[in-house]
Amino acid sequence: MKKTYLFFLTVPIFLLCSCNPQGISKIEKSYPILAYHEYVKVYNIDDEVPLGAEVLGTVKVINSDYSSKCNYESAVDEACLEARKVGGNAIKIIEHMKPNFWVSCHRVNAEILRIEE
């Protein structure tokens, strides 16, 4: 009986934790954390980044196949969140992988940038 209760308690926790996009960052330099309400500029693949933009690192956003947030906007939002954590105020999307036969979610790779105003 205890095993049944344990099963019904752990499965929802596992599903809740695995449903969010995950950002894997490789950081070379960081600044103080930006507040959640501060704007992070998004440069798409074809956009030019301003001269003098400092690259703080990269972020790779992957989603689990069980995620309810599988769209492109959720992946970009997660990349912006990772940028805020290291003081980045912009990201440059360098790769966008669309859903396919094996993966049902959008994935992005981006550079985290710090641009002086």
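The values are calculated or read from the model by the stated rules, or taken from the named source; none is laboratory data. Worth saying up front: this structure is predicted, and the values here are computed from it rather than measured. Heads up, the Cβs are rebuilt from the backbone with ideal geometry, glycines too, and the neighbour counts pull from every protein chain shown.
What the table below lists for this structure:
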quantity: Every residue from the range 20-29 that is in a loop (DSSP other than H, G, I, E, B), exposed (fewer than 15 other Cβ atoms within 10 Å of the Cβ) and touching a Lys or Arg at 6+ places or on another chain (Cβ under 9 Å); calculated: 20, 29
quantity: Subset of the range 85-117 that is part of a strand (DSSP E or B) and among the basic types (Lys, Arg) - its residue that is surrounded by the most Cβ atoms within 10 Å (Cβ to Cβ); calculated: 92
quantity: One residue from 49, 55, 42, 59 being modelled with pLDDT of 95 or more, touching a Lys or Arg at 6+ places or on another chain (Cβ under 9 Å) and outside any strand (DSSP E or B); calculated: 49
quantity: Any chance residue 116 is within 18 Å of residue 32 (Cα to Cα) and modelled with pLDDT under 95; calculated: yes
